[in-house]
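The values are calculated or read from the model by the stated rules, or taken from the named source; none is laboratory data. Everything numeric in this text was worked out from a predicted model, so none of it was measured. Counting neighbours? That spans all protein chains shown, and the Cβs are built from the backbone with ideal geometry, glycine included. What goes into the accessible areas is simple: the full protein's heavy atoms, side chains included, and nothing from ligands, DNA or RNA. Shrake-Rupley method; radii C 1.70, N 1.55, O 1.52, S 1.80 Å.
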Amino acid sequence: MARYSGVIGYAKEAELVDGIWENDGVIERHYYGDVSRISRSLQNGSDVLPDFRVNNSISVVADAYAFNHFHLIKYIKWEGTNWAVSSIEVQRPRLAITLGGVYNGPTA
């Protein structure tokens with residue numbers, strides 16, 4: 001099992017009016033953990049080139065912020081690339097994060 005040390009990008013929320021929230025950028029926080037699964041797949045779709053996806057699972061030791069805001073996680077930086085998160089499982093004291101395709105959205 002490989003070690004992980006890197007950042008996780010969270011959507012930052014801002015309240016417009018009472019009870020109405022919007023994403024207002026991204027913040028990054030640093031975490032440590034383990035890479036528990038490394039795999040990849042090519043998905044043929046309607047594109048000329050197939051979509052490259054990883055199905056890696058990274059388990060990070062979570063803090064209170066991670067547990068309270070895991071629903072806002074947008075990406076995780078691994079091996080120099082920002083990867084979109086396809087699923088998150090709470091396994092206290094850790095979060096098990098499964099990666100998908102390359103993340104191309106806003107970053108911090």
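Got a sec? Which of Ile88, Ile97 is open to solvent by less than 60 Å² (accessible area, probe 1.4 Å), touching a Phe, Trp or Tyr at 6+ places or on another chain (Cβ under 6 Å) and either at pLDDT 95 or above or assigned to a strand (DSSP E or B) (or both)? Step by step, each of Ile88, Ile97 is checked, and only Ile88 is open to solvent by less than 60 Å² (accessible area, probe 1.4 Å), touching a Phe, Trp or Tyr at 6+ places or on another chain (Cβ under 6 Å) and either at pLDDT 95 or above or assigned to a strand (DSSP E or B) (or both). The set of residues in segment 70-108 being among the small types (Gly, Ala, Ser), under 13 Å from Gly9 (Cα atoms) and in contact with a Lys or Arg (Cβ under 8 Å, 6 or more places away or on another chain) consists of Ala84, Gly105.
Number of residues in segment 70-80 that are farther than 14 Å from Ala108 by Cβ and not charged (D, E, K, R) equals 4.
I want to confirm something. Restricting to segment 56-69 and keeping residues that are open to solvent by less than 50 Å² (accessible area, probe 1.4 Å) and part of a loop (DSSP other than H, G, I, E, B), which single residue is nearest to Val35 (Cα to Cα)? Break it down into steps so the answer makes sense when it comes.
Quick first cut of segment 56-69, residues open to solvent by less than 50 Å² (accessible area, probe 1.4 Å) only: 56-60, 62, 66-67.
Next, only the ones that are part of a loop (DSSP other than H, G, I, E, B) stay: 56, 62.
Working: Asn56: 7, Ala62: 14 Å.
So the residue we want is Asn56.
Going by the conditions given, is Arg29 assigned to a strand (DSSP E or B) and at pLDDT 90 or above? So Arg29 passes the test.
So in segment 1-25, with the set limited to residues that are surrounded by 15 or more Cβ atoms within 10 Å (Cβ to Cβ) and at pLDDT below 95, which one is farthest from Ala96 (Cα to Cα)?
Checked segment 1-25; the qualifying residue farthest from Ala96 (Cα to Cα) is Lys12.
Within segment 70-83, being surrounded by 18 or more Cβ atoms within 10 Å (Cβ to Cβ) and either in a helix (DSSP H, G or I) or among the aliphatic types (A, V, I, L, M) (or both) holds for Ile73, Ile76.
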